[in-house]
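K.L.:
My structure is below; once you've seen it, I'll send some questions.
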Amino acid sequence: MPGVSDSHPEIHWPSGFSPDQAHGFCQAQAVVHAPPRTAFALLTDVPRWPEWVPGVTAVRSGTIARTFAVRFHGHRFEIYLGEHVPHSRLGWSGIGAGVQLYQAWLLTPVAGGTHVVTENVVRGPAAKSLATVPPLWTQRLNSLWLSQLKRLSENAPGDGSE
């Protein structure tokens, strides 16, 4: 399994969630030809996730803007926002379906757009049982999510400023 040496050095992992402490880790990255704020706006518009995030079929906002629940491939996950730096960083933890997870997003301006990195770690009984299976499904899921973000960001109406 990939470990902390494969993690982007600018990802901030909360205690207990580094790739070396997890039962599963995956990463995806791409250049999005849109400003960071466009991609960030899509990622933080949680009520719209069922429209474009693979596997998410429902969202319920929590009483605090930093919590929400999602239905992901038929399983309910409680999500807690951990890191929120506008236009550059997001991170959230989730609990459900026998796993605990942390997903981090790093958005860095580059010539012509935004370099986006997303990394996930999972741990728990369900993640342990999947540890013997090649991590292709998690890599594929991350890649799908990132390709959808890229498509929507690049097709979003823009104001022309960076």
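K.L.:
At a 10 angstrom cut-off on C-beta neighbours, averaged per residue, how do the peptides 11-24, 102-115 rank from highest to lowest?
P.N.:
Final packing ranking: 102-115, 11-24.
K.L.:
Could you tell me whether segment 15-71 comes out rounded, prolate or oblate from its Cα gyration tensor? Rule is a ≥ b ≥ c as square roots of the eigenvalues, rounded for a/c under 1.5, then prolate if a/b exceeds b/c, otherwise oblate.
P.N.:
Oblate shape, in that a/c is at least 1.5 and b/c is the bigger or equal ratio.
K.L.:
With the other protein chains left in place, how much accessible area per residue, in square angstrom, belongs to segment 1-109 at a 1.4 angstrom probe?
P.N.:
48
K.L.:
Right, something else. Accessible area of segment 11-70 with a 1.4 Å probe: how many percent of it is carbon plus sulfur?
P.N.:
Working: 1540 of 2790 Å².
Its accessible area is 55 percent carbon and sulfur atoms.
The values are calculated or read from the model by the stated rules, or taken from the named source; none is laboratory data. Every value quoted in this text rests on a predicted model; they were computed, and no experiment measured them. Because the Cβ atoms are built from the backbone with ideal geometry, glycine has one as well, and the counts that use them run over all protein chains shown. Please note that ligands, DNA and RNA were not included when accessible areas were found on the heavy atoms of the full protein model with its side chains. Shrake-Rupley method; radii C 1.70, N 1.55, O 1.52, S 1.80 Å.
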